[in-house]
Amino acid sequence: MAVNQENVSKVLSVLSHPLRRDILLDLSNNGEQSFTDLLNMLKVDTGKLSFHLRALSPFIEQTSSGKYKLSRAGEAAVRRQIPALLASNDPMDPIVGLALLASFNAWDLQPDWSGFAPGIPLAAADLCAALFEPQVARDLLVHWMSRVGGPQAAGEKAHDLLLKANLPYGGGSAALDFMQGANDPQAIFIGLYEFAVDPRLPGAVRSDALVRLRARMAPDAYRDIVRECVERARADEEDWALRAEHLQARLDAAVDRRFVETELADPYPGLVEDLELQLRSGLAENRLEIDPETAAFFRDALNKLDAAALSGPDRAAALRLRRLLDSKLR
């Protein structure tokens, strides 16, 4: 079966909410369902269900009795399209296929893991982290680990990909997670430093490695490492030098309205990726605070950025950053 890219684009655009995936999966597994059936299954109020059913209009339809079912486009997008994506020779298609498979929890389709280069599942996990909630990415990686020999084997594969700078389709964040899970603290420290200064690696991986180092060092020693990375990048006239300079400038910055206005005033490639990395790390380590008012202002300012002018990785990072900011509004 040929890959229908229009269907793929549509389904990815509506699957960011887990409730919509639950609706599609329920209709796929159980056939026609009434509004009441869906209410009972999902345990939500009528207004919320009506909203999400409208969002799913490209993929569902109502029968003459008023029940909901998958339309032909929905059937193709939910189940039939995934095998075609997984079997495609275009490396980006299996990445999307694995992300869709994980989002629908459709593991009965049994992907042929041996047919994927190690970087493909890692890139799919990073795509899941951008489009869906973190558990979807974790589920995908758990299935991949079980096929490659467990966490240690997966970590060694990921470490090897990082050492060889063999991550052409993304997956750097998942690779770093696995690398850290498979090594002792000293090896992790050395690895993160080496990846931060390796010009062969994508800028996002280098920034991620540098941000992760902060939790493993005393503040003054970390500032020295960041300064060294900036100086090396400048001396070698690397594109990543601009990103490294901004990472350095944000080390002790407070997240307030002025911070948001300054950072988003002149976007450059990698800006949103690095903002998300530093904010997520700072919040997780209790080094940063974002009050609800600032989070709302930040989210609105992010929404006003010209998405067409952002790189693909920055658009994915924007999805993760919005989710992070939304969590501060609850």
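Does the range 254-330 classify as rounded, prolate or oblate by the C-alpha gyration tensor (a ≥ b ≥ c root eigenvalues; a/c under 1.5 gives rounded; else a/b over b/c gives prolate, otherwise oblate)?
Since a/c reaches 1.5 and a/b is larger than b/c, the shape of the range 254-330 is classed as prolate.
Contour minus end-to-end for TRP107 and VAL44, with contour as 0.36 nm per residue of separation and end-to-end as the Cα-Cα distance?
Fully extending the segment from TRP107 to VAL44 adds 20.1 nm.
Using the Kirkwood radius built from alpha carbon pairs, what does the Stokes-Einstein equation give as D for the range 5-133 at 37 °C and 0.692 mPa s, in µm² per second?
The Stokes-Einstein estimate is 217 µm²/s.
Could you state, as a whole-number percent, how many of the C-alpha pairs of the chain are farther apart than 37 Å?
In whole percent, the long-distance tail amounts to 23.
Report the residues of the range 16-35 in range of a label on SER65: point 7 Å along Cα→C-beta, backbone N strictly under 15 Å from it.
Output list for this probe position: 30-35.
After finding the eigenvalues of the alpha carbon gyration tensor for the range 195-327, what semi-axes result from the square roots of 5 times each, listed largest first in whole Å?
24, 18, 12
What is the extension gain from TYR169 to ASP220, computed as 0.36 nm multiplied by their sequence separation minus the C-alpha to C-alpha distance, in nm to one decimal?
Gain on stretching TYR169 to ASP220: 14.9 nm.
Before anything else, pin down the relative contact order of the range 174-330: Cα pairs under 8 Å, at least 6 apart, normalised by residue count, whole percent.
20 percent
Quote the charge dipole size of the chain about the Cα centre in Debye, to the nearest 20; the model charges only the Cβ of Lys and Arg (+1) and of Asp and Glu (-1).
Its charge dipole is roughly 880 debye.
Write down, largest first, the equivalent ellipsoid semi-axes of the range 164-234 in whole Å, where each equals the square root of 5 times an eigenvalue of the alpha-carbon gyration tensor.
Equivalent-ellipsoid dimensions as semi-axes: 19, 16, 9 Å.
Give me the distance between the Cα centres of the range 310-325 and the range 239-284, rounded to whole Å.
13 Å
Please work out how much length the chain gains when fully extended from ALA235 to HIS17, using 0.36 nm per residue of separation minus the C-alpha to C-alpha distance, in nm with one decimal.
Length gained, ALA235 through HIS17: 74.0 nm.
What percentage of all Cα-Cα pairs in the range 140-182 are separated by more than 13 Å?
Value for the range 140-182 (Cα pairs over 13 Å): 47 percent.
Any read-out appearing in this document is the output of simple, stated calculations on the displayed coordinates, not a laboratory observation. Since the model is a prediction, treat every value here as computed from it, not as a measurement. Here the Cβ is made from the backbone with ideal geometry for all residues, glycine too, and neighbour counts use every protein chain on show.
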